[in-house]
Structures are given as structure tokens and as C-alpha cells.
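J.: To start, I am sharing the structure in question, which I have written as C-alpha cells.
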Amino acid sequence: MLAIGATRDAEMIASHRGIPAARPRAIKADIVRNFADRDLSIDAVALRNGITPRYVSMLLESDATTFSEFVLAQRLHRAHQMLTGQRWSNRTVSSVAFDAGFGDLSYFNRTFRRRYGATPSDVRNKARGEQ
């Protein structure tokens with residue numbers, strides 16, 4: 001709640017607390033918990049959080065991202081972790097992609113290379129050489 005005559009700084013601080021701030025965090029946490037689900041949709045996230053898909057979009061837009069971009073970033077990050085982690089070194093690249101939530105291997109390879117500047121295999125091989 002804002003007081004009459006509140007400074008712009010106080011208004012910014014207040015807007016980053018309470019329910020307005022908690023809602024985007026809850027949406028992002030929901031996505032992070034479920035990003036590996038290949039059928040993850042904005043509709044499912046909205047339903048679980050009791051809000052509309054449009055409101056989910058608006059909350060993510062406030063952080064300059066879209067639902068699809070945020071999900072993709074989570075999936076790519078997870079795939080990168082798996083490709084560079086010794087724990088998953090026996091997994092194939094396609095297995096890593098599918099476990100990270102990708103349903104299309106060529107899309108995974110293309111977006112991974114765009115994000116990390118190297119193919120998934122190159123990233124894995126570099127990680128193995130450094131371990």
C-alpha cells in the first residue's frame with residue numbers, strides 16, 4: 001500500500017514487496033519445477049496458480065521475457081548442467097535433451113548452439129577434457 005506523498009523510490013520499494021512481488025516468483029517457481037514436462041503450457045501454469053494465461057504473460061513481461069523464452073532458458077540451462085556434469089556423463093545427448101523437456105532434437109541442437117556458442121557434443125567433450 002502506498003502512502004499519500006510517497007516518493008518514487010518508496011513506490012518502487014513497495015511495488016517489489018507483498019503479493020505483487022510474490023506472484024511472479026510463484027509463476028517462475030512453478031515453471032522451474034515443471035519445465036521438463038514436454039507438455040508444459042501457459043494454460044497449465046495459469047490453472048495451477050489460479051490466474052489467467054494472459055496474467056501469466058503479463059507477469060513474465062514485467063521481467064522482459066515471455067513464457068516460451070523463460071521455459072526455453074530453464075531447459076537449456078538444465079541440459080547444459082547435465083552435459084557438463086560427471087553424474088550424467090554416460091547419457092546420450094538426445095537423452096539429455098529429452099530429459100530437459102525438449103521434444104525435438106534438431107530444435108534442441110539449434111537453440112543450444114545459439115545460446116552457448118557450441119554444439120551440445122562440443123560442450124560435453126570440453127567438460128570431459130577439463131575433469
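J.: Can you give the local net charge around Ala36? Use residues other than it whose beta-carbon is closer than 10 angstrom to its beta-carbon, Lys and Arg +1, Asp and Glu -1. Don't skip to the end; give the middle numbers.
T.: Working: positive: Arg33, Arg38, Arg75, Arg78; negative: Asp37, Asp99.
Result for the neighbourhood of Ala36: +2.
J.: Label-point separation (nm) for Trp88 and Arg54, each offset 7 Å from Cα along Cα-to-Cβ?
T.: 3.7 nm
J.: Here is a further query. When the dipole is taken about the Cα centre of the stretch 70-130, and only Lys, Arg (+1) and Asp, Glu (-1) are charged at their Cβ, what size is it in debye, to the nearest 20? If you can, show how the numbers build up before the last one.
T.: Numbers: 11 positive and 4 negative charges, 20 e Å.
So the dipole magnitude of the stretch 70-130 works out to roughly 100 debye.
J.: I need the calculated FRET efficiency for the pair Ala29 and Ser106, taking r as the beta carbon distance and R₀ as 30 Å, to the nearest 0.05.
T.: On the way: r = 30 Å, r/R0 = 1.01.
For Ala29 and Ser106, the calculated efficiency is 0.50.
J.: Local charge sum around Trp88 (other residues, Cβ-Cβ under 14 Å, Lys/Arg +1, Asp/Glu -1)?
T.: Details: positive: Arg78, Arg87, Arg91, Arg124, Arg128; negative: Asp99.
With Lys, Arg at +1 and Asp, Glu at -1, the neighbours total +4.
J.: Now a separate question. Between Ser41 and Asp99, what FRET efficiency follows from the Cβ-Cβ distance if R0 is 25 Å, with the result rounded to 0.05? Write down the numbers at each step before the final one.
T.: On the way: r = 19 Å, r/R0 = 0.76.
For Ser41 and Asp99, the calculated efficiency is 0.85.
Laboratory data are not the source of any read-out in this text; all were calculated from the coordinates shown. The shown structure was predicted, so the numbers you read here are calculated from the model rather than taken from an experiment. Here Cβ is always computed from backbone atoms with ideal geometry, including for glycine, and neighbour counts include all displayed protein chains.
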